[in-house]
1. For the chain, modelled as a GNM with alpha-carbon contacts under 10 angstrom, which of E270, E177, E95 fluctuates the most?
2. Please check: in the Gaussian network model of the chain (C-alpha springs, under 10 Å), which one of S223, S404, S330 has the largest mean-square fluctuation.
3. What do you get for the angle between helix 2-17 and the principal long axis of the chain? Use alpha-carbon atoms, 0 to 90 degrees, nearest ten.
4. Could you order the peptides 251-262, 196-207 from most to least packed, using the average number of other C-beta atoms within 10 Å per residue?
5. Under 14 Å from the Cβ of H267, count the other residues' Cβ atoms, weight Lys and Arg +1, Asp and Glu -1, and hand me the total.
6. Compute the length gained on full extension between L208 and S330: take 0.36 nm times their separation in residues and subtract their Cα-Cα distance, giving the result in nm to one decimal.
7. Which cross-chain or sequence-distant (5 or more) residues have an amide H under 5 Å from the amide H of K249, H modelled 1.01 Å from N in plane?
8. How far apart, in nm, are the 7 Å Cα→Cβ label points at L379 and N423?
Amino acid sequence: MKKKYIKIGTVVLLAFLGVNKMNAQEKKNDFGNPPLIHYLNDEHTRSISLSGYAEAWARYTQLNPGSMINDQNKSESADLSLRRIRVKMTYKPTEKLTFVLQGGATNVNANQKGVNNFELLDAYGEYKFSNAIQFGAGRSTWRGLSRFTTGPLNTLLYDLPAYATSNAGITDATVRELSAYLKGQIGKFDYRLVVADPYTNLMADPKLNVATVSKNATNKDFSGYFRYAFFDTENISSPFNSGTYMGKKKVLSVGAGFDYIHNLMWHKDELDVTKNDDMKNFAVDVFYDAPINKEKGTSISAYAMAMHNDYGPNYVRYVGTNNPATGVNSANASLNGAGNAMPIIGTGNTYFLQVGGTLPYFNKQKNDMQLQPAASVQLSDLKGLKDNAVIYDAGVSLLFNKMSSRLTFDAQNRPIFTNDGGNAVATDRKWQFVLKYRIDIS
């Protein structure tokens with residue numbers, strides 16, 4: 001079996017090493033190298049390509065009250081991890097047909113001992129009837145709601161805001177669902193409409209006046225996102241949206257989206273009767289990215305979002321991204337739970353603002369390294385919390401080869417909620433510091 005995989009890998013490698021000489025004249029990537037693409041015809045309309053990326057974290061975290069690593073109480077943690085590893089193949093056998101296959105690993109840290117983390121992520125095909133109508137189906141991140149619901153691409157800070165993929169691990173697997181979608185671009189307008197079979201994770205028995213994920217069979221997940229570009233249009237070949245173009249484009253886009261699942265949640269009322277609740281999420285957002293001085297390489301990027309979520313009464317979800325803790329001591333735990341968990345979504349309203357940009361090149365003759373500072377704030381006014389949940393992030397990236405090789409430092413400050421007479425109140429705040437390196441393969 002191992003010999004079989006070695007042969008397959010050798011064939012793929014030789015295919016790319018044997019890329020025809022025309023590829024050497026193609027547009028270079030950020031490293032100044034030819035892209036990892038092999039054209040199947042002289043017109044360059046049919047191809048097979050490889051891409052991917054890797055993100056490594058070095059992190060210091062002030063842990064939530066009651067956090068444990070293995071069986072030991074801990075108030076802080078310093079760890080190394082692989083946040084994401086992705087390897088992607090895109091195959092275009094015809095001008096109309098595209099097939100995408102992607103595998104990878106997510107949140108590989110010391111707490112996942114003995115776990116095989118490399119898994120199938122995406123496997124879907126897409127047929128292009130025209131620019132206005134394109135149909136795809138399979139397992140993918142194609143979904144609606146907001147600009148960043150699909151996951152990360154060229155983020156200004158160390159990671160996407162947690163609210164953006166707030167259903168991760170509940171109705172999806174690593175932000176993926178089995179789905180079919182329609183998408184298209186008509187002039188300055190583009191859209192996506194998705195119907196998916198949600199996964200069933202983190203189910204619980206109904207609680208009094210607090211919605212939880214139902215144990216009943218799940219219904220279809222309907223979502224969509226609609227966007228208008230006032231200046232340059234954006235590429236819709238991928239489900240991911242860029243967090244910054246570093247001023248290479250002038251983009252002002254306004255978007256709106258939704259995500260709906262019938263009877264996803266349930267709760268018990270005062271008469272001990274179980275009531276079903278729909279998940280109804282709506283969002284509007286604005287994205288702006290433009291050059292300030294192209295010769296110096298300076299640019300500005302900004303993003304604002306307002307989202308209304310309805311999961312049923314008093315629903316609040318606490319999540320710790322790439323959580324360094326393994327458990328929590330309930331005797332002195334907060335409502336946040338273990339590690340770096342914080343309230344990221346729930347029934348109510350969430351607002352997000354992020355601003356950043358690139359500073360002048362260190363050496364403008366070579367257009368090489370530059371700094372990219374950024375900051376964000378997220379405010380969530382949730383029915384299940386007495387106080388607002390406010391999360392701050394600020395950081396700076398050192399861009400070695402534009403966005404394809406970059407080192408990012410991020411400082412995050414999050415609230416800690418405790419139960420005060422039946423009310424969830426913010427009683428403390430904790431810090432997390434992340435040093436991330438990302439390299440892109442293209």
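1. Looking only at E270, E177, E95, the largest GNM fluctuation is found for E270.
2. The residue with the greatest mean-square fluctuation here is S330.
3. Roughly 50 degrees, rounded to the nearest 10.
4. By packing density, highest mean first, the sequence is 251-262, 196-207.
5. Charge balance near H267 sits at -2.
6. Full-extension gain reported as 41.8 nm.
7. Amide H to amide H, under 5 Å and 5 or more residues apart or across chains, K249 pairs with nothing.
8. A separation of 1.9 nm, rounded to one decimal place.
Bear in mind that the values in this text are calculations on the coordinates, not laboratory data. Here the structure is a predicted model, which is why all the values come from computation and not from measurement. Quick reminder, even Gly has a Cβ in these numbers, built from the backbone with ideal geometry, and neighbours come from all protein chains shown.
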